[in-house]
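Presented below is the structure to which this report refers.
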Amino acid sequence: MIVNKLNFCLLIFFIFFSKNISFSQTLEEIKKNDTIYIYFDIDIKNTIKKNAVSTGKSIFYENFITYEFNTNFMNTIIFISNTYKNRDDIRKGIKNDERIERKSFLKRNKNIILDYAFFERYGFKETFFEIYKKTVYLIDKEEIKGRKIKVKQVDIACYTCFEE
């Protein structure tokens, strides 16, 4: 009877902790790569997701979404998701990369997936200046459906760039 309870407790423990996604990266690992991934979870404090209101006049704003790590008013990192990078790309028909990956993608790339905790651990300013020239993709937790993960290329912006 005790063994059954112990097995049950271990099973519950495993299920509970397997749902949490854990990344084990360092700033040095990030420096080595040209491409990084941002794991965005709206349930984390200081994260904001905004959809732009499309007026119908321009296709540029049809899928325009901003994802923010908002530590305070002056120091906000913004990830901009859009079908097109800019208006020139609309004319040329060049779209930002967007694809569906399997869930194993998270384990395979765990060293280059950054979450909010990474920014807190290494500093928002330091992390921003390490990644702003890299190719950045975003994984929105809300867009993970079963074993399929939507990965989309985003631009990164920091309007005040950590002014003191």
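Structure above, values below:
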item	result
Largest to smallest accessible area among 136, 53 [probe 1.4 Å]	53, 136
65, 38, ranked by accessible area, largest first (probe 1.4 Å)	65, 38
Too-long pairs where the Cα-Cα distance tops 20 Å, listed order kept, from 103/134; 31/133; 50/148	103/134; 50/148
Ranking by accessible area, most exposed first, for 37, 61 with a 1.4 Å probe	61, 37
In sequence order, calculated HN-Hα J values of region 36-41 (Karplus, 6.51, -1.76, 1.60; Hz; x Gly/Pro)	9, 10, 10, 9, 9, 10
Relative contact order [Cα under 8 Å, 6+ residues apart], region 35-164, whole percent	35 percent
Proximal aspartates and glutamates to residue 49, defined as alpha-carbon separation beneath 13 angstrom and excluding residues fewer than eight positions away on the same chain	41, 68, 140, 142, 143
Amide H contacts under 5 Å for residue 96, placed H, 5+ residues apart	84, 85
Segments 148-157, 85-94, 98-107 sorted - mean Cβ within 10 Å per residue, highest first	148-157, 98-107, 85-94
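The values are calculated or read from the model by the stated rules, or taken from the named source; none is laboratory data. Every value quoted in this text rests on a predicted model; they were computed, and no experiment measured them. Reconstructed Cβ throughout: ideal geometry from the backbone, glycine too, with neighbour counts over all protein chains shown. Side chains are part of the model used for accessible areas, which takes the heavy atoms of the whole protein and leaves out ligands, DNA and RNA. Shrake-Rupley method; radii C 1.70, N 1.55, O 1.52, S 1.80 Å.
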